[in-house]
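Report on the structure given below.
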Amino acid sequence: MALGRDLPSEASPPSSIRPDYLSPSSVKSYLSCSLRFFFERVAQIRKPTTVALHVGKAIHATLQSFNLARWRGEDYSEDAMETAFSSHFLKLEKAEGPVDYADEETRQKVRSCAWNTVKAYMNSDEVASQMPLGVEVGLSATFSGLPVPVRGVIDLVQHDLTAVDYKSAAAKPDAGHAAFDHELQLVTYQMMIEEATGDTPPSLDLVYLVKTKTPQVIRVKIHPANEQRKRRIADLYRIAYEGITTEHFHPQPGMQCSWCQYMKECSGWCRQ
């Protein structure tokens, strides 16, 4: 799809946009603002990587290295993980940059804060409490009425099948809001685990790494979904698939507009 093309009208021919699969992140992105989804994922307009996004990815990549080393019986000492963190931090800057730092001093402060946050996790009770059954576990599920599979990658699966997803945050999370905000992702993980194993995970957990002056590690435990919650999530996937394939992309103004990187494109958007 050409970047300068007006989006199709209701009378337009059927769309050529046919995703091979859907993921929790793609569906949440579409439902949050379908026009932002278009700019980012269809037109693929690149923007500078935000500091928060870069830090989150560097922390996530280092936790993956840490858990994989534990799972494989390899070296997961602080020295080994500091080397891994440095490598991930630099590689992500090169691969996904430029990162929107104010200056080099800010970059160094951000880097130090991120590493201290990783260390807080490594020294927390989270590590001693369990060994992973699987790390970065890729699974899929089929939903009734959805013509493509749903795929996702779970950060960590514990031996009791608890699904764990890591989040980095600047402030301590509110448990109720965290559960609501990540319902689509976590229930999707539950449904994928159920399809793969035939068993329901006992919990759907978010582990927050809070980047405060003294970093905190906070686990938010969420009860597995009942059939009603699962039907609601499946409905959201069907709604998103229909909207994407019929090219229903439109602005959805709200608080998120104040920090959206596509304000310029959005303000110039028109539909015939």
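What follows draws every value from the coordinates through simple rules; no lab data is involved. In this text the structure is predicted, and so the values were computed from the model without any measurement. Ideal geometry is used to build each Cβ from the backbone, glycine not excepted, and the neighbour counts take in all protein chains shown.
Would you mind classifying the stretch 12-106 by shape? Square roots of the alpha carbon gyration tensor eigenvalues, ordered a ≥ b ≥ c; an a/c under 1.5 is rounded, otherwise it is prolate if a/b is larger than b/c and oblate if not. Note, shape of the stretch 12-106 comes out oblate.
Determine the shape class of the chain: with a ≥ b ≥ c the square roots of the Cα gyration tensor eigenvalues, call it rounded for a/c under 1.5, and otherwise prolate if a/b is greater than b/c, oblate otherwise. Taking the square roots of the gyration eigenvalues as a ≥ b ≥ c, the chain is oblate. In the structure shown, the pairs LYS119/LYS264; LYS109/LYS221; LYS28/LYS213; LYS172/LYS264; LYS91/LYS211; LYS94/LYS221 are assessed against 28 Å; a Cα-Cα span above that value is assigned to LYS119/LYS264; LYS109/LYS221; LYS28/LYS213; LYS172/LYS264; LYS94/LYS221. Were the residues from MET263 through CYS113 laid out at 0.36 nm apart, the gain over their Cα-Cα distance would be 51.0 nm. Cα axis of helix 183-197 to longest principal axis of the chain: angle in degrees, 0 to 90, nearest 10? Helix 183-197 and the main axis of the chain meet at about 80 degrees. Of LEU186, PHE66, LEU133, which is farthest towards the positive pole of the chain's charge dipole, taken about the Cα centre with +1 and -1 on the beta-carbons of Lys, Arg and Asp, Glu respectively? Farthest along the dipole direction, towards plus: LEU186.
With neighbours defined as other Cβ atoms within 10 Å of a residue's Cβ, the residues LEU31, LEU204 order from fewest to most as LEU31, LEU204.
Going from the fewest other Cβ atoms within 10 Å to the most, the residues LEU206, LEU92 appear in the order LEU92, LEU206. In order along the stretch 253-260, phi translates into HN-Hα couplings of x, x, 4, 5, 5, 5, 10, 6 Hz, rounded to whole numbers, per the Karplus curve 6.51 cos²θ - 1.76 cosθ + 1.60 with θ = phi - 60° and x for Gly and Pro.
In the chain, the sites counted are trypsin sites (Lys or Arg not before Pro) in DSSP loop states with at most 12 other Cβ atoms within 10 Å, and the longest stretch holding none of them, exclusive of the sites, is 47-212.
The local environment of ARG111, defined by Cβ-Cβ distances under 14 Å, has a net charge of +1 under the rule Lys, Arg +1 and Asp, Glu -1. Can you tell me the FRET efficiency between GLU227 and ASP199 if r is taken as the Cβ-Cβ distance and R0 is 22 Å, rounded to the nearest 0.05? Efficiency for this residue pair is about 0.90. The slack in the chain from SER140 to TRP71, taken as 0.36 nm per residue of separation less the alpha-carbon distance, amounts to 22.6 nm.
Rounded to 0.05, the FRET efficiency of the ASN123 and ARG238 pair, given R0 = 30 Å and the Cβ-Cβ distance, is 0.10. Classification of the stretch 124-272 by its C-alpha gyration tensor yields an oblate form. The axis ratio a/c (a ≥ b ≥ c) is 1.5 or more, and b/c is at least a/b.
Each Lys and Arg adds +1 at its Cβ and each Asp and Glu adds -1 at its Cβ; summed about the Cα centre, the stretch 131-235 shows a dipole of about 400 debye. Close amide H contacts of ILE154 (hydrogens built in the peptide plane, cut-off under 5 Å, sequence separation of 5 or more or a different chain): VAL137, GLY138, LEU139. To the nearest ten degrees, helix 51-72 and the longest principal axis of the Cα atoms of the chain are 50 degrees apart.
Spacing of the modelled spin labels on THR214 and PHE180, each 7 Å from Cα toward Cβ, amounts to 3.1 nm.
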